[in-house]
1. Just one of Arg58, Arg24 is over 17 Å from Ser200 (Cβ atoms), modelled with pLDDT of 95 or more, surrounded by 13 or more Cβ atoms within 10 Å (Cβ to Cβ) and of a type outside the set (Asp, Glu); which is it?
2. So, in the stretch 8-21, exactly how many residues are more than 13 Å from Ala105 (Cβ to Cβ) and either surrounded by fewer than 20 Cβ atoms within 10 Å (Cβ to Cβ) or of a type outside the set (Gly, Ala, Ser) (or both)?
3. Restricting the search to the stretch 1-51, which residues are over 15 Å from the mean Cα position of the chain (by Cα), among the hydrophobic types (A, V, I, L, M, F, W, C) and assigned to a loop (DSSP other than H, G, I, E, B)?
4. So, in the stretch 27-55, of the ones that are under 21 Å from Phe107 (Cα atoms) and hydroxyl-bearing (Ser, Thr, Tyr), which residue ends up surrounded by the fewest Cβ atoms within 10 Å (Cβ to Cβ)?
5. Give the residue that is farthest from Pro11 (Cα to Cα), with candidates limited to residues of the stretch 65-79 that are surrounded by 11 or more Cβ atoms within 10 Å (Cβ to Cβ) and either modelled with pLDDT of 95 or more or among the β-branched types (Val, Ile, Thr) (or both).
6. Considering only residues that are modelled with pLDDT of 90 or more and either on the phi > 0 side of the Ramachandran plot or not in a loop (DSSP other than H, G, I, E, B) (or both), which ones fall in the stretch 151-178?
7. Does the stretch 141-150 contain any residue that is surrounded by 13 or more Cβ atoms within 10 Å (Cβ to Cβ), within 19 Å of the chain's Cα centre (by Cα) and not in a loop (DSSP other than H, G, I, E, B)?
8. Can you run down the residue pairs with Cβ atoms below 6 Å, 6 or more apart or on separate chains, where the first is in the stretch 50-77 and without any contact (Cβ under 8 Å) to a residue 60 or more places away in the chain and within 30 Å of Leu156 (Cβ to Cβ) and the partner is assigned to a loop (DSSP other than H, G, I, E, B) and open to solvent by 40 Å² or more (accessible area, probe 1.4 Å)?
Amino acid sequence: MPTLLLCLAGPMQSWGTRSRFEERDTGLEPSKSAVLGLLCAALGRDRSQTIDDLTPLRMGVRVDREGILKRDYHTAQEVIQADGRLNSSPSMRNVISERYYLADAVFLVGLEPPSPTPLLDELHQALKNPHWPLFLGRKAFVPSQSVFLADGLDELSLEQSLKSYPLLVQAGEEQAPKKYRFILETPKGSHLRYDQPASSFAERHFLPRRVEITSESLASHSPHRHGDEPEVLNALPRPTQTRSQTSS
């Protein structure tokens, strides 16, 4: 079964699935709901439109560069109440929130249909010329290189595509040999992700899906450069913290 591949790379990304009120979380890799939302933006679909043709796609992720978990501290002032008025107490007009994101992460995402369909060609063309701007989980988090991969329509299966596609980043000598993390959607997976859309994005109903997480070596560590675009990723400054650290 053919596979559609996407490059999700940027200095800041957020893939939350449990965000509520003052705390906005992020997963350590892209969520399926966010990836399908990105595809809807490329297609020009409104949030109220159906995504029944997209939800059956099986998703897989290869982590080419683990992101560093960071936290932003936000204060919103003069917050309006539901009735449209300011709170009578000045101290209650401010809302403090913590928003987590991944810094310097790079992901290769694959999508595989359950049966042959022209949908992948449509999605591939939409990513090349998206109807609306694409972002990585939040509108302020823009990609550092194109989500579209010129050779992103692969005739291989999802697993084979993720394992055989060249790296999206330069692999330094100190990194080889290295194992890369894979997250593959599978009915018998040992991990749950609550990011399977069960409605339009306007209604926001989600179901759990199962994934299997493995760590594997790649046959080649050669970086992939698509088109004539500059290697923007490798110009980004590299943070010195480990992935498990957070900012204060």
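The values are calculated or read from the model by the stated rules, or taken from the named source; none is laboratory data. Predicted, not measured: the structure shown is a model, and the values here were computed from it. Glycine gets a Cβ as well: all are built from the backbone with ideal geometry, and neighbour counts include every protein chain shown. Each accessible area value is taken on the protein alone, full model and side chains, heavy atoms only, with ligands, DNA and RNA left out. Shrake-Rupley method; radii C 1.70, N 1.55, O 1.52, S 1.80 Å.
1. On the way: Arg24 fails: modelled with pLDDT of 95 or more.
Going through Arg58, Arg24 in turn, just one is over 17 Å from Ser200 (Cβ atoms), modelled with pLDDT of 95 or more, surrounded by 13 or more Cβ atoms within 10 Å (Cβ to Cβ) and of a type outside the set (Asp, Glu): Arg58.
2. 5
3. Met1, Phe21, Ile51
4. Looking at the filtered set, the residue picked out is Thr55.
5. Val79
6. Residues of the stretch 151-178 modelled with pLDDT of 90 or more: 151-168.
Matches in the stretch 151-178: Leu153, Asp154, Leu158, Glu159, Gln160, Ser161, Leu162, Lys163, Ser164, Leu167.
7. Within the stretch 141-150, none of the residues are surrounded by 13 or more Cβ atoms within 10 Å (Cβ to Cβ), within 19 Å of the chain's Cα centre (by Cα) and not in a loop (DSSP other than H, G, I, E, B).
8. Pairs found: Pro56/Pro114.
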